[in-house]
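Undergrad: Please find one structure pasted underneath; my questions will follow.
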Amino acid sequence: MPVYIIREGATDRVKIGWADDPAARCRQLQTSHSEPLCVLRVVSGARSLERWLQDRFAPQRVRGEWYRF
């Protein structure tokens, strides 16, 4: 399952998650965001990779699965 990083507009905020179709997930997330979202990176991996990335960037967590890079 692909692990993705989605950027929120021109901000330094990104979402780290996983989905079968990261582009479709980005479109789904867009409905609740005023800033445009774009997929920055897609990496083949398991949920364990998503968890590792979220743990690695935990100090930059804004809320939920959103991080400040």
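Just so you know, all these numbers are worked out from the coordinates, no wet-lab data involved. What you see is a predicted model, and the numbers here were worked out from it, not measured in a lab. Reconstructed Cβ throughout: ideal geometry from the backbone, glycine too, with neighbour counts over all protein chains shown.
Undergrad: For the chain, what's the radius of gyration and Dmax over Cα atoms, in angstrom?
TA: Gyration radius and largest Cα-Cα distance of the chain: 11.2, 30 Å.
Undergrad: While we're looking at this one, here's another question. Given an 8 Å cut-off on Cα distances and at least 6 residues of separation, report the relative contact order of the chain as a percent.
TA: Reported as a whole number, the value is 41 percent.
Undergrad: Could I have the simple spin-label model distance between Met1 and Gln30, label points 7 Å from Cα toward Cβ, reported in nm to one decimal?
TA: Result for the modelled spin labels: 2.3 nm.
Undergrad: Something else: Can you compute 3J(HN,Hα) from phi for each residue in the stretch 55-60, using the Karplus curve 6.51 cos²θ - 1.76 cosθ + 1.60 with θ = phi - 60°, rounded to whole Hz and x for Gly and Pro?
TA: Whole-Hz 3J(HN,Hα) from phi for the stretch 55-60: 5, 4, 9, 3, x, 9.
Undergrad: Considering the options Ser48, Ala24, Leu37, tell which one lies farthest towards the positive end of the dipole of the chain, charges being +1 on Lys and Arg and -1 on Asp and Glu at the Cβ, about the Cα centre.
TA: Value computed over the given set: Ser48.
Undergrad: Here's something else I'd like to know. If the chain between Arg56 and Arg68 were fully stretched, how many nm would it gain, using 0.36 nm times the residue separation less the Cα-Cα distance?
TA: Stretched fully, the Arg56-Arg68 segment lengthens by 3.1 nm.
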